[in-house]
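Engineer: Have a look at this one.
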Amino acid sequence: MENTNICPVDYVVDLISGKWKVLIIWHLKFSKKRFGQLQRNLDGVSKKVLSQHLRELEKSGLIKRDVIPSLPVQEEFSLTERGMELSTILEEINRFGSVLLKGPTIS
């Protein structure tokens with residue numbers, strides 16, 4: 001059921017709000033990752049916060065978690081189709097950020 005009272009931009013921003021969620025999606029865009037790999041890619045994120053963000057992204061349907069039967073049990077995270085759609089938007093943000101990092105343009 002479609003809710004026309006919700007702003008689509010507000011809805012998406014709410015899904016990806018949090019310091020690490022966009023970066024998690026960005027890293028998963030390139031390949032599946034295990035928890036430890038993500039933690040190494042995201043310098044400064046705590047295990048607790050990473051776990052929380054991964055659960056929230058999974059609940060929102062942006063990522064999926066696969067359990068790898070091993071000792072100890074391992075989890076592998078990847079983007080869903082919806083997450084891949086969002087990652088294309090992140091490509092534009094990356095492009096824009098690269099332009100900004102080059103410095104101000106004079107018109």
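The values are calculated or read from the model by the stated rules, or taken from the named source; none is laboratory data. From a predicted model like this one, the values you see are computed outputs, not experimental measurements. Positions of Cβ are generated from backbone atoms using ideal geometry, with glycine treated the same way; all protein chains shown enter the neighbour counts.
Engineer: Inside region 50-75, can you point out the residues that are hydrophobic (A, V, I, L, M, F, W, C) and surrounded by 15 or more Cβ atoms within 10 Å (Cβ to Cβ)?
Structural biologist: Within region 50-75, 50, 54, 57, 62, 63 meet the criteria.
Engineer: Additional query: List every residue pair whose Cβ atoms sit under 9 Å apart, with the two residues 6 or more apart in sequence or on different chains, where the first one lies in region 53-77 and is over 18 Å from residue 20 (Cα atoms) and the second, anywhere, is of a type in the set (S, T, N, Q).
Structural biologist: 66/78; 67/74; 68/74
Engineer: How many residues does region 11-32 hold that are closer than 14 Å to residue 76 by Cα, surrounded by 18 or more Cβ atoms within 10 Å (Cβ to Cβ) and either in contact (Cβ under 8 Å) with a residue 60 or more places away in the chain or over 12 Å from the mean Cα position of the chain (by Cα) (or both)?
Structural biologist: Total satisfying the criteria: 1.
Engineer: Give, as residue ranges, the helices (runs of 4 or more DSSP H) completely inside region 7-107 that count at least 2 residues that are in contact with a strand residue (DSSP E or B) (Cβ under 9 Å, 6 or more places away or on another chain).
Structural biologist: So the answer is 21-30, 35-41, 47-59, 81-101.
Engineer: Look through 78, 87 and report the one residue that is surrounded by 13 or more Cβ atoms within 10 Å (Cβ to Cβ), modelled with pLDDT of 90 or more, among the hydroxyl-bearing types (Ser, Thr, Tyr) and closer than 17 Å to residue 36 by Cβ.
Structural biologist: Every option except 78 fails the conditions.
Engineer: Tell me which residues, restricted to region 50-75, are modelled with pLDDT of 95 or more and not aliphatic (A, V, I, L, M). Don't jump to the end; show me each part of the working.
Structural biologist: Start the filter on region 50-75 by keeping residues that are modelled with pLDDT of 95 or more, which leaves 50-66.
Scanning region 50-75 gives 51, 52, 53, 55, 56, 58, 59, 60, 61, 64, 65, 66.
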